[in-house]
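Student: There's a structure below that I have some questions on.
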Amino acid sequence: MGSGDGGVTRELAACVPHRRLIAVDVNPAMTEYARDHNTLPTIEYVTQDMSVEWSELSPEIRRLEGSVRLILSNF
């Protein structure tokens, strides 16, 4: 969460064994930048404000319930 430009996400992907890594940021410009500059096929970038109520989260985020093994916030 708070993936910003994707730099920490890229480092995390290199250090932590994973099948899929989902990078979330509230700023669409940062999500777009990260997607354009960090093209590892196992990283997905999602724009989402995580401070909202569960029912207000995107279906894409809500589908992750019960399947997330690690959450990292860089803020």
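The values are calculated or read from the model by the stated rules, or taken from the named source; none is laboratory data. Predicted, not measured: the structure shown is a model, and the values here were computed from it. Reconstructed Cβ throughout: ideal geometry from the backbone, glycine too, with neighbour counts over all protein chains shown. Accessible surface areas use protein heavy atoms only, side chains included; no ligands, DNA or RNA. Shrake-Rupley method; radii C 1.70, N 1.55, O 1.52, S 1.80 Å.
Student: So with the 1.4 Å probe, I'd like the accessible area per residue for the chain, rounded to whole Å².
Tutor: 73
Student: Taking amide H positions as placed in the peptide plane 1.01 Å from N, state which residues far from V46 in sequence (5 or more) or on other chains have amide H under 5 Å from it.
Tutor: A23, V24, D25
Student: For the chain, which whole-number percentage of the solvent-accessible area (1.4 Å probe, protein heavy atoms only) is attributable to carbon and sulfur atoms?
Tutor: Looking at the chain in its full context, I get 53 percent from C and S.
Student: Give me the distance in nm between label points sitting 7 Å out from Cα along the Cα-to-Cβ direction at C15 and L64, one decimal.
Tutor: Using points 7 Å along Cα→Cβ, the separation is 1.9 nm.
Student: Right, another one. Two decimals, Cα atoms only, Kirkwood Rh: what is Rg/Rh over the chain?
Tutor: Across the chain, the Cα-based Rg/Rh ratio is 0.93.
Student: Same structure again: Taking 0.36 nm per residue of sequence separation and subtracting the Cα-Cα distance, how much length would be gained by fully extending the chain between S55 and D36, in nm to one decimal?
Tutor: 3.9 nm
Student: Now for a different question. Can you compute 3J(HN,Hα) from phi for each residue in the range 60-74, using the Karplus curve 6.51 cos²θ - 1.76 cosθ + 1.60 with θ = phi - 60°, rounded to whole Hz and x for Gly and Pro?
Tutor: Each residue's phi maps through the Karplus curve to give 4, 6, 5, 5, 7, 3, x, 10, 8, 9, 8, 10, 10, 10, 8 Hz.
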